[in-house]
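**Q** Mind having a look at this structure? Questions to follow.
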Amino acid sequence: MTVFELAEKMASGESLLTLLDVRLPEERALARIEPSLFIPLQELRERAYELEHWREKPLVVYCHHGVRSDYAVRYLSQLGFAHVYNLEAGIDGWSVAIDSSIPRY
């Protein structure tokens, strides 16, 4: 999913859409897209059960540039999550194209 597609969905008030941040805690302290859930990628295998509520709902995963979130999307898809998407270009792309108030790092 591109940052433009996500912005459009968020602006339309698509309430079922949920964001999942898989970056490190220190990265989240610098910048974040809200509202979002937070499970660092290195904890995802142990904590995937926390996402059970979103198994059949749209879940957009983001990281800094889209690499870690792509891994998370593939893993969650293997677990049977039906509608899981990678945010292409990550939070950095979001900051550049959609919301410049979010700091780049």
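The values are calculated or read from the model by the stated rules, or taken from the named source; none is laboratory data. All of these numbers come straight from a predicted model, not from anything done at the bench. Here the Cβ positions follow ideal geometry from the backbone for every residue, glycine too, while neighbour counts run over all protein chains shown.
**Q** Applying the selection to segment 11-37, what residues are modelled with pLDDT under 95 and more than 20 Å from LEU76 (Cβ to Cβ)?
**A** Hits for segment 11-37 are ALA11, SER12, GLY13, SER15, GLU34.
**Q** Could you please find all residues in segment 10-24 being in contact (Cβ under 8 Å) with a residue 12 or more places away in the chain and either over 14 Å from ILE91 (Cα atoms) or small (Gly, Ala, Ser) (or both)? Step through it out loud before you land on a result.
**A** Taking segment 10-24 as the starting set, the residues that turn out to be in contact (Cβ under 8 Å) with a residue 12 or more places away in the chain are 14, 16-24.
Matches in segment 10-24: GLU14, LEU16, LEU17, THR18.
**Q** Does LYS9 satisfy the criteria of being in a loop (DSSP other than H, G, I, E, B), over 11 Å from the mean Cα position of the chain (by Cα) and either of a type in the set (Lys, Arg) or surrounded by 18 or more Cβ atoms within 10 Å (Cβ to Cβ) (or both)? Steps first, answer last, please.
**A** Details: in a loop (DSSP other than H, G, I, E, B): no; over 11 Å from the mean Cα position of the chain (by Cα): yes; either of a type in the set (Lys, Arg) or surrounded by 18 or more Cβ atoms within 10 Å (Cβ to Cβ) (or both): yes.
Criteria not met by LYS9.
**Q** Can you confirm whether segment 34-52 contains a residue that is touching a Phe, Trp or Tyr at 6+ places or on another chain (Cβ under 6 Å) and at negative phi?
**A** Initially, segment 34-52 is screened for residues touching a Phe, Trp or Tyr at 6+ places or on another chain (Cβ under 6 Å), giving none.
Taking every residue of segment 34-52 in turn, none turns out to be touching a Phe, Trp or Tyr at 6+ places or on another chain (Cβ under 6 Å) and at negative phi.
**Q** Still on this structure, please answer the following. Between residues in segment 40-64 that are touching a residue at least 60 places away in the same chain (Cβ under 8 Å) and residues that are of a type outside the set (Phe, Trp, Tyr) and surrounded by 16 or more Cβ atoms within 10 Å (Cβ to Cβ), which pairs lie under 7 Å by C-beta distance while being six or more apart or on different chains?
**A** As it stands, the answer is none, since no pair meets every condition given.
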